[in-house]
1. Taking segment 11-46, which residues are in contact (Cβ under 8 Å) with a residue 60 or more places away in the chain and closer than 15 Å to Thr77 by Cβ?
2. Can you find even one residue in segment 130-146 that is of a type in the set (A, V, I, L, M, F, W, C), modelled with pLDDT of 90 or more and outside any strand (DSSP E or B)?
3. Would you say Ala120 is aliphatic (A, V, I, L, M), more than 11 Å from the chain's Cα centre (by Cα), under 30 Å from Lys21 (Cα atoms) and modelled with pLDDT under 95?
4. Scan segment 12-36 residue by residue and report those that are surrounded by 12 or more Cβ atoms within 10 Å (Cβ to Cβ) and either of a type outside the set (D, E, K, R) or in a loop (DSSP other than H, G, I, E, B) (or both).
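The values are calculated or read from the model by the stated rules, or taken from the named source; none is laboratory data. Owing to the predicted nature of the structure, the values given are computational and were not obtained by experimental measurement. Counting neighbours? That spans all protein chains shown, and the Cβs are built from the backbone with ideal geometry, glycine included.
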Amino acid sequence: MREKEFMRISIEANGPALHMKGENAEIDMIPFKGKAEIPDPDGGSPLFTGIVEPCGVDTQIVNAAGVRHMSARYMLTGTDRAGREVHIYIENNGWFDDATKTMPFHTVPTIYTDSDELAAILHRNQFTGEGAVEEDGLWIRFYRIG
């Protein structure tokens, strides 16, 4: 069962995408940056606020069967609730074929951090993700599975 939203990330394009078309696959590498927040579930100050470093990249590979594998890898830099500078690394994967792609699209993130406080949450839970284009751009949201 999915809990309420755990983390939200707004995504902005960050330069031109690279494209390659070969015999067995089409590949796009899309650079991005953005902003991120982990709200306090009890309504207090956020557990984390920060940015998506401008070195994030979403690699999308469409194989010969038409299945698209998306793998976005990015580093967040920001502050935790105590004001300490911390980092969160995310690898977010999703698969679908373009004929059955739904919105929001669904992903499975793997998350690491150098924050002791956030590690207690991020390293000991499982998450699912959703991505959707909204009025103000692309948003990625993660939900704790529990």
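1. So in segment 11-46, the residues in contact (Cβ under 8 Å) with a residue 60 or more places away in the chain come out as 11-12, 38.
Passing the criteria: only Ile38.
2. no
3. Values: aliphatic (A, V, I, L, M): yes; more than 11 Å from the chain's Cα centre (by Cα): yes; under 30 Å from Lys21 (Cα atoms): no; modelled with pLDDT under 95: yes.
Judged against the criteria, Ala120 is not a match.
4. Once the filter is applied, which keeps residues that are surrounded by 12 or more Cβ atoms within 10 Å (Cβ to Cβ) and either of a type outside the set (D, E, K, R) or in a loop (DSSP other than H, G, I, E, B) (or both), segment 12-36 yields Ala13, Asn14, Ala17, Leu18, Ala25, Ile27, Met29, Ile30, Pro31, Phe32, Gly34, Ala36.
This table checks each residue for (1) touching a Phe, Trp or Tyr at 6+ places or on another chain (Cβ under 9 Å); (2) at pLDDT 95 or above; (3) surrounded by 15 or more Cβ atoms within 10 Å (Cβ to Cβ).
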| residue | (1), (2), (3) |
| --- | --- |
| Ile38 | yes, yes, yes |
| Asp42 | no, no, no |
| Gly66 | no, no, no |
| Phe96 | yes, no, yes |
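For every residue, the table says whether it meets (1) within 21 Å of Met29 (Cα to Cα); (2) free of Cβ contacts under 8 Å to residues at least 24 places away in the same chain.
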{"position": "Cys55", "(1), (2)": "yes, no"}
{"position": "Gln60", "(1), (2)": "yes, no"}
{"position": "Val67", "(1), (2)": "yes, no"}
{"position": "Arg84", "(1), (2)": "no, no"}
{"position": "Val108", "(1), (2)": "yes, yes"}
{"position": "Tyr112", "(1), (2)": "no, no"}
{"position": "Glu117", "(1), (2)": "no, no"}
